[in-house]
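Engineer: This structure is in structure tokens; I'll ask about it shortly.
Where a number appears in this text, it was derived from the coordinates with a stated rule and is not lab data. What you see is a predicted model; the values in this text were computed from it and never measured. Cβ: placed from backbone, ideal geometry, glycine included. Neighbour counts: every protein chain shown.
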Amino acid sequence: MSDFIVSPTLQAWAPRMLSVLRIVAALIFFLHGSQKLLGFPPMANGGPGPEVFTLSWIAGALELVLGALLILGLFTRPAAFVASGEMAFAYFLGHAPRDLFPTLNGGDAAILYCFVFLYIAVAGPGPWSLDAALRRRG
């Protein structure tokens, strides 16, 4: 039955969809950093970004830099590993103390990012990446 459901066409697209997952997750991750550090898109409360070198500012800097690397698929595995760790840290430091359940403590996105980036750290960037292009050239 599973051979019927997973056609050769779907199997051929699996590596490409890994690249799509990486790019989409990284774009949203990047936006979190740009919102904190660059004020775009504007914060919902309209307030300024975090003070320089605070934990929130460091998180924004990581999200901006790691997000850009992941969008491009450059240094993908280490960037995804560090991003995964940042999200685990964010969950346990910022969300878990509020409530046991992620849907109540606002940490569901942090958990999802953590495991998506951990998967990318293990699976690699997919074929649509600078890492793959550099590997093909050399």
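Engineer: Which FRET efficiency value, to the nearest 0.05, is calculated for residue 10 and residue 136 with the Förster distance at 30 angstrom and r the Cβ-Cβ distance?
Structural biologist: 0.80
Engineer: Rg over Rh of the stretch 63-138, using C-alpha atoms and the Kirkwood radius, what does it come to?
Structural biologist: Here the Rg-to-Rh quotient is 1.11.
Engineer: Compute the helix-to-body angle for 76-90: its Cα long axis versus the longest principal axis of the chain, expressed 0 to 90° and rounded to tens.
Structural biologist: In the chain, helix 76-90 runs at an angle near 40 degrees to the longest axis.
Engineer: Using the 10 angstrom Cβ neighbour count as an exposure proxy, how do 119, 113, 91 rank, fewest first?
Structural biologist: By the 10 Å Cβ count, ascending: 119, 91, 113.
Engineer: Assuming 0.36 nm per residue, please report the length gained on full extension of the stretch residue 111 to residue 31 beyond their Cα-Cα distance.
Structural biologist: Full extension from residue 111 to residue 31 adds 27.1 nm.
Engineer: At a threshold of 8 angstrom on Cα-Cα distance, excluding pairs fewer than six apart, so keeping six or more, what relative contact order does the chain reach in percent?
Structural biologist: 27
Engineer: Let me ask you something else. Where does helix 8-38 land angle-wise versus the long Cα axis of the chain, in degrees 0 to 90, nearest 10?
Structural biologist: Once rounded, one gets 20 degrees.
Engineer: Calculate the tail of P(r) for the stretch 2-137: the fraction of all Cα-Cα distances greater than 21 Å, expressed in %.
Structural biologist: 48
Engineer: Given only helices, namely DSSP H runs of n ≥ 4 each adding -39500 (n - 2.57), what is the per-residue ellipticity at 222 nm of the chain, to the nearest 500 deg cm²/dmol?
Structural biologist: Computed mean residue ellipticity for the chain: -22500 deg cm²/dmol.
Engineer: In the stretch 53-88, which chymotrypsin sites (Phe, Trp or Tyr not before Pro) fall in coil by DSSP and have 16 or fewer other Cβ atoms within 10 Å?
Structural biologist: 53, 75
Engineer: Are there trypsin sites (Lys or Arg not before Pro) in the stretch 17-115 that DSSP puts in a loop and that have at most 15 other Cβ atoms within 10 Å, and which ones?
Structural biologist: For trypsin sites (Lys or Arg not before Pro) across the stretch 17-115 that sit outside H, G, I, E and B with at most 15 neighbouring Cβ atoms in 10 Å, the list reads 98.
Engineer: In which sequence would 37, 62 go, from the one with the fewest C-beta neighbours within 10 Å to the one with the most?
Structural biologist: Numbers: 37 18, 62 21.
Ordered from fewest to most neighbouring Cβ atoms within 10 Å, 37, 62 come out as 37, 62.
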